[in-house]
Amino acid sequence: MEWTEERVETLKGLWKNGYTARQIAERLGGVTRNAVIGKAHRLGLSSRPQPIKREEAPIDLSKMARTCQWPIGHPGQDDFRFCGKPATPGKPYCESHCAIAYRRGSSEDSSKNVA
Ligand SMILES: [Zn+2]
């Protein structure tokens, strides 16, 4: 498998649109997730929360503060990732996940009784 210009462009496009390395690898075909990540890094694409980088896992808040850190999937599994949508200012999650995370204690409890 070679990184042709076309494949590199595809990688860049998908990466910037928030696709996971695994999803990108599946679309490109013939390439592993790790190869996608390695290539993205060499291209200087901005890093995103990736569970693979275990040494750096204890969260770099300065990088992650701006994207939603709501976990999706199961930690340790291939499809685990963070939501990644723009976070609500001052909050670690996007608007919809804030609504879930901070639902308890709000005045809605009495009417919805979710728990
Ligand atoms: Zn979110």
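The values are calculated or read from the model by the stated rules, or taken from the named source; none is laboratory data. These numbers were taken from a predicted model, which means no experiment stands behind them. Ideal geometry is used to build each Cβ from the backbone, glycine not excepted, and the neighbour counts take in all protein chains shown.
Those residues that are modelled with pLDDT of 90 or more and surrounded by fewer than 13 Cβ atoms within 10 Å (Cβ to Cβ), I need them from region 70-91; list them, please.
PRO86
Would you mention how many residues in region 70-91 are of a type outside the set (D, E, K, R) and either assigned to a strand (DSSP E or B) or within 10 Å of the ligand (Cβ to nearest atom) (or both)?
Initial filter on region 70-91 (of a type outside the set (D, E, K, R)): 70-77, 80, 82-84, 86-90.
Narrowing further to those that are either assigned to a strand (DSSP E or B) or within 10 Å of the ligand (Cβ to nearest atom) (or both): 70-72, 82-84, 86-88.
Adding up the residues that qualify gives 9.
Please go through region 20-69 and pick out each residue that is modelled with pLDDT under 60 and in a loop (DSSP other than H, G, I, E, B).
First pass over region 20-69, keeping only residues modelled with pLDDT under 60: 49-59, 61-65.
Within region 20-69, PRO49, GLN50, PRO51, ILE52, LYS53, ALA57, PRO58, ILE59, ALA65 qualify.
If you scan region 1-17, which residues turn out to be in a helix (DSSP H, G or I) and not polar (S, T, N, Q)?
So the first thing to find is which residues in region 1-17 are in a helix (DSSP H, G or I), and the list is 5-16.
Matches in region 1-17: GLU5, GLU6, ARG7, VAL8, GLU9, LEU11, LYS12, GLY13, LEU14, TRP15, LYS16.
Which residue is farthest from the ligand (Cβ to nearest atom), if the candidates are limited to region 92-104 and must be assigned to a loop (DSSP other than H, G, I, E, B) and surrounded by fewer than 18 Cβ atoms within 10 Å (Cβ to Cβ)?
So in region 92-104, the residues assigned to a loop (DSSP other than H, G, I, E, B) come out as 92-94, 102-104.
Filter again for surrounded by fewer than 18 Cβ atoms within 10 Å (Cβ to Cβ), leaving 102-104.
Values: TYR102: 12, ARG103: 14, ARG104: 17 Å.
Looking at residues that are assigned to a loop (DSSP other than H, G, I, E, B) and surrounded by fewer than 18 Cβ atoms within 10 Å (Cβ to Cβ), I get ARG104.
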